[in-house]
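Here the structure comes first, spelled out in structure tokens, and everything after it is commentary.
Each reported figure results from applying straightforward, stated rules to the coordinates on display, with no laboratory input. In this text, all values refer to a predicted model and were calculated from it rather than measured experimentally. Don't worry about glycine lacking a Cβ; one is built from the backbone with ideal geometry, like all the others, and counts go over all protein chains shown.
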Amino acid sequence: MSTRHASGSGTQSRRHFLRAAAAGAIGFPMIVRTQTLGKNAPSNRITLGIIGCGNQAEVDLKEWLAMEDVQIVSVCDVNRGSHGYKTDKQFLGREPVRDLIHAAYAKRSASGTFTGCGICSDFRELLARKDIDAVEVLTPDHWHAIMTIRAAEAGKDIYCQKPLGLTVRDGQEMVRAVRKHNRILQTGSQWRSNPHIRQFCNVVRNGKIGAVKHVETYVAANNFFGPGPGWKPMPVPEGFDYDFWLGPAPQAPYHQERCLYRFRFISDYSGGQTTNFGAHSNDIAQWGLGTDDTCPVEFENLGAEFPVPGSLYNTATKVNFRCRYANGTELVCKTDKRSFGVRFEGSEGWIYTNGRTIEASSEALKSWKPGPGDLHLYESANHYRNFIDCVRSRKEPLEPVEVGHHTATICHLGNIAMKLNRKIRWDPKAEQVIGDDEAGRMLQQPLRGPWRYGA
Ligand SMILES: NC(=O)c1ccc[n+]([C@@H]2O[C@H](COP(=O)([O-])OP(=O)(O)OC[C@H]3O[C@@H](n4cnc5c(N)ncnc54)[C@H](O)[C@@H]3O)[C@@H](O)[C@H]2O)c1
């Protein structure tokens, strides 16, 4: 893919790098025997940088490593390597993840060894590499916008993990940068590439349950609770650059329950399960409703619960909000033992899925598939593969930046309505709160200097 960096020294250094790689000088794995000839030749591989080597990196790496036409050439994390992630077994961070990549590529190399994946703790170093085509942003949410925007400025395509930003403003800035720099961005809400989900949304979009009146979307209960009031700061572990982890977020004393994996329960870094699981379930609701280009117009709290004041965690422990689209369709998003799922109720039936099975008001609905003349939703068998294919073709991926931004906006506005405990009115076109200055101010969070969206 060197032609995509068709100007100046970028092309030069990329070609030099690939020549060296093809010659084995910098330890590229011998992925396929015909690598110097066929479609998987080094000069034709998409080169990828990974920013954030934590819990979800374990999942996503498997996807990238399985692709013969993709080469991970660098990883970045502010954590050198430690325990303290979602499960006790996980030992993650830039060094363990780099080692995992080396081991995977070594298995495929003729020599049985591989040491060619770069490593860094500052993502700007990774973005400065001219030999990198695309990046995955796999950090906590408070970094998604800055990293995506800087990557777009550096001419990289981006697979950004959901949700697209910590705030509505983050999402707006991401949309602007991706479009300005003509980049491909895939939102990491991978359930859209699930065949049950597509079938489920096809049923609804083809009117098989009639006019949709009511949608329910489910999010998981919290799996960590953090310390309560009176919690004491802890020393920062060696090898962990805490200040860089905080980045644009406000200065705050270190606690081990703040950062790795647990960040999702603190509003300076994430929106709790509303944005964590809601970025999946509300995303499917948007797809099924055909409202990817807009958002509901009204949001209200239905009885959310929050940790007691003074606790380290401050996002909802019980999510429960309702929103209404301009055509009157209602969506209720709530904590539920089903963790993830969507239920549509229409004038002629109902249908539910959790991505593994489909339940419906009739057997016929469960197995209905669109035929000729019906609407067929965008088909992708694998979200990551779809991204790489679009990096090559320059076509829109399944979930481009605007779509991810609208889904995230629903989650953010739901959080604002639950927090303020009053009805919020939203103008989806202007992307503004109507008649509520306090809620309007919550659409963004000041970035701690020297961080700003663009370089
Ligand atoms: N699509 C899905 O199903 C899914 C599932 C889980 C998580 N996610 C998303 O993935 C993202 C990461 O979640 P996680 O569970 O892996 O979190 P995590 O805390 O386990 O991993 C994040 C990693 O990013 C690193 N990091 C933080 N700031 C950094 C910086 N400035 N530069 C480089 N590295 C930095 C951390 O040190 C950590 O190793 C979140 O946005 C989350 O919503 C998506």
Mind giving me the FRET efficiency for K213 and A66? R0 is 41 Å, r the Cβ-Cβ distance, nearest 0.05 is fine. 0.45
Can you spot the lysines whose alpha carbon is less than 17 Å from K419's alpha carbon? Ignore those fewer than 8 places along the same chain. K318, K334
Considering only DSSP beta bridges with both partners in the chain, what is the antiparallel share in %, to the nearest 5? 55 percent
Over the chain, what is the relative contact order in whole percent, taking alpha-carbon pairs under 8 Å and six or more residues apart? 18 percent
Rh_Kirkwood(the chain) over Cα pairs, Å, one decimal, evaluates to 22.9 Å
List the chymotrypsin sites (Phe, Trp or Tyr not before Pro) within segment 392-455 that fall in a DSSP loop (any state other than H, G, I, E or B) and whose Cβ has at most 16 other Cβ atoms within 10 Å. W451
If you stretched the chain out fully between R452 and D243, how much longer would it get, using 0.36 nm times the residue separation minus the C-alpha to C-alpha distance? 73.7 nm
Kindly express, to the nearest 10 degrees and within the range 0 to 90, the angle between helix 8-22's C-alpha long axis and the longest C-alpha principal axis of the chain. 70 degrees
Please check which bits of segment 101-144 a label hung off N44 would reach, taking the label as a point 7 Å along Cα-to-C-beta and the cut-off as backbone N under 19 Å. 133-134
For segment 96-172, calculate the relative contact order in percent as a whole number, restricting contacts to Cα pairs under 8 Å that are 6 or more residues apart. 23 percent
For the chain, take the longest principal axis of its alpha carbons; what is the angle in degrees between that and the long axis of helix 195-205, to the nearest 10 within 0 to 90? 40 degrees
Let's see if you can work this out: charge +1 on each Lys and Arg Cβ, -1 on each Asp and Glu Cβ, no other charges. What is the dipole magnitude of the chain about its Cα centre, in debye to the nearest 20? 820 debye
